[in-house]
Amino acid sequence: MTDRQVPGLALVTGGAGFIGVNLVRRLRVLGWSVRTYDLQPLPDAAADGVEHILGDVRDRAGLDDVLDGVDVVFHLAARITLATRDDAAWDVNTTGPATVARAALDHGVRRMVHTSSVHAFDLAKAGPRLHETSLRPGADRPVYDRSKAAGEAEVRTVIDAGLDAVIVNPTGVIGPIDLGPSRANAGLRAAARGRLPLAVAGGFDWVDVRDVVDGTVAAAAHGRTGENYLLSGHQRTVVALARLAAGLNGRLGPVAALPAWGAERVAPLGERIGGLWHSDTFTPASVGTLLDDPVVDRSKAERELGYGSRPLEDTVRDLIWWFRDRGDLGSSPGRWRGAGRRRAHQT
């Protein structure tokens, strides 16, 4: 067993987020002592036995305080955005990784795992398969995509200066436990409630948060310094995924899909209207993501990390059961109830 595999003190930035809560729980099971650092309080569901400190990953002084005695840093803190312009997201996603990486190097941590995203690659130009050497996003790509690529570049600068770090790139993360919930999980909850009659035609690669967590922990132990690892799951259209979620709760999911050409035309208007309610759910970036939909090659993570992904049906089932146990799905039939169970397994 190498030193990287010996449990010690882990710092998880963004520990109050979706992946963070699941990672903290997993690290605790594996025997790690865990300290989290986030702008938000740690949910009660993840707080047991965890030292939580409120702070900003762009604050070097705050990081100096929390890095004392830390063996491994898991950097998850980020701002997800589907807006055309988001200066705050750019700052968090670029300055954050740079500051955390530099502080980790200066404090002599034995390893850092930077959780980036599949969006750090150009999904529109990936060709038939996206892999770790695929093109990075250019100026024409959404701000979130460019910010994640720029954040990785900042980390690589510190790796060149001597930091032992690896980078993982999950695809579309779904599954329990999600106290937010995230955009994708919120959409599946709406479908399970019978409140999603229409969805955009298109799909994505969806991965279970628990598999992402396992891949992240494996990267800390086995990943090669400076390497990227794509953590993918399974491709599925939004309509099929929503119908699966709806059928598990006895509802009918989307009865129609908005054609790609129609979605692209109205997305700019959707962003303007959504902006009035501070929503970026239906924007050119969100529609474009579903229309790009490359095949994501995870063979490198399988070979080097022992990575694997469970069936998508298991992920959605566990998510819907988790929502149901929390009382988040309601008990009365939705308007769109009907052939949901039959259609839920269509792809």
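What the table below lists for this structure:
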| read-out | value |
| --- | --- |
| DSSP-defined antiparallel bridges as percent of all bridges, the chain, nearest 5 | 10 |
| Length gained when the stretch residue 107-residue 132 is fully extended (0.36 nm per residue, less Cα-Cα span) | 6.1 nm |
| Cα-based helix-to-principal-axis angle, 143-160 vs the chain, degrees rounded to 10 | 20 |
| Taking segment 1-156 and dividing mean pair separation by its residue count, relative contact order in percent (alpha carbons under 8 Å, at least six apart) | 22 |
| Placed amide H near residue 258: partners under 5 Å, 5+ positions off or other chain | 199, 200, 201 |
| Kirkwood hydrodynamic radius over Cα pairs of the chain, then Stokes diffusion coefficient at 20 °C and 1.002 mPa s, in µm²/s | 104 |
| Dipole magnitude (debye, nearest 20) for the chain, charges at Cβ of Lys, Arg, Asp, Glu | 1640 |
| From phi via Karplus (6.51, -1.76, 1.60), per-residue ³J(HN,Hα) for segment 245-257 in Hz, x at Gly/Pro | 4, 5, x, 5, 10, x, 10, 9, x, x, 8, 8, 10 |
| Inter-probe distance in nm under a simple model that places probes 7 Å from Cα toward Cβ, at residue 33 and residue 324 | 4.2 |
| Calculated [θ] (222 nm, deg cm²/dmol) that DSSP helices of n ≥ 4 give over the chain, each run adding -39,500 (n - 2.57) | -13000 deg cm²/dmol |
| 0 to 90° range, to nearest 10: angle between helix 18-29 axis and the chain longest Cα axis | 50 |
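Since every read-out is calculated from the coordinates, none of them should be taken as a lab result. These numbers come from a predicted model, not from an experiment. When we count neighbours, we look across all protein chains shown, and the Cβ atoms used for this are built from the backbone with ideal geometry, even at glycine.
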